[in-house]
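Take a look at the structure below.
The values are calculated or read from the model by the stated rules, or taken from the named source; none is laboratory data. These numbers were taken from a predicted model, which means no experiment stands behind them. Heads up, the Cβs are rebuilt from the backbone with ideal geometry, glycines too, and the neighbour counts pull from every protein chain shown.
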Amino acid sequence: MTSPDADPKSLDPVEPIDRPVEGDGGDYGGGLSPLVKVGVVFAMLGGAIALLWFTTTAEDAFVYSKLVEEVLEQPADFAGRELRVEGDLKQGSIQFKEQPCEWRFVLSGKGHEMPVSFPQCIVPDTFKDGMGLKVTVQGKLTPEGHFHANQVIPRCPSKYEMQQREAAGEKMPHAAPMGSAI
């Protein structure tokens, strides 16, 4: 509304603004262009990759996995490196020391034996003597040929192997006593 004594020439003409109707997919002026949205997604992905890159060590990504005999045939190639070694747990070799907590045992393979120390108090339940276990350890080999493990992973025998052992008279690990209800 204008006052009656206002000069009509002094007023700026008001032009109607075309605004999109809500729901027609138009731009309301506050949204980001699709190109900017794609850029933001790529920037977030790049940031996540950079975070993973800088928070993990090369040791995590490049851990060698070898058999006992492979490592002990060329120990100088592996001394001081983070690696995983798989071998058979030598029967009767498991020892535990309480102060400080440490497990010691021997892994064997094709005539080679590697002493292992694991400076932790707790090992997996399936890590037991007398079961013919294959064990994988992760850690570092010393120049003297001893292995300092930071992880012990016993490989459980398959169900088929366990049935064969049971038929041969061996007691199954963690088996419930005969005649007891589970």
Hits in the stretch 142-179 - residues which are modelled with pLDDT of 65 or more, basic (Lys, Arg) and exposed (fewer than 12 other Cβ atoms within 10 Å of the Cβ): Lys171
Residues located in the stretch 59-73, provided they are modelled with pLDDT under 60 and under 23 Å from Gly145 (Cα atoms): Glu59, Asp60
Check on Gly130, out of contact with any helix residue (DSSP H, G or I) (no Cβ under 8 Å at 6 or more places or on another chain) and over 18 Å from Cys156 (Cβ atoms): no
Subset tally (residues that are modelled with pLDDT of 95 or more and either loosely packed, with under 15 Cβ neighbours inside 10 Å or among the acidic types (Asp, Glu) (or both)) for the stretch 128-141: 0
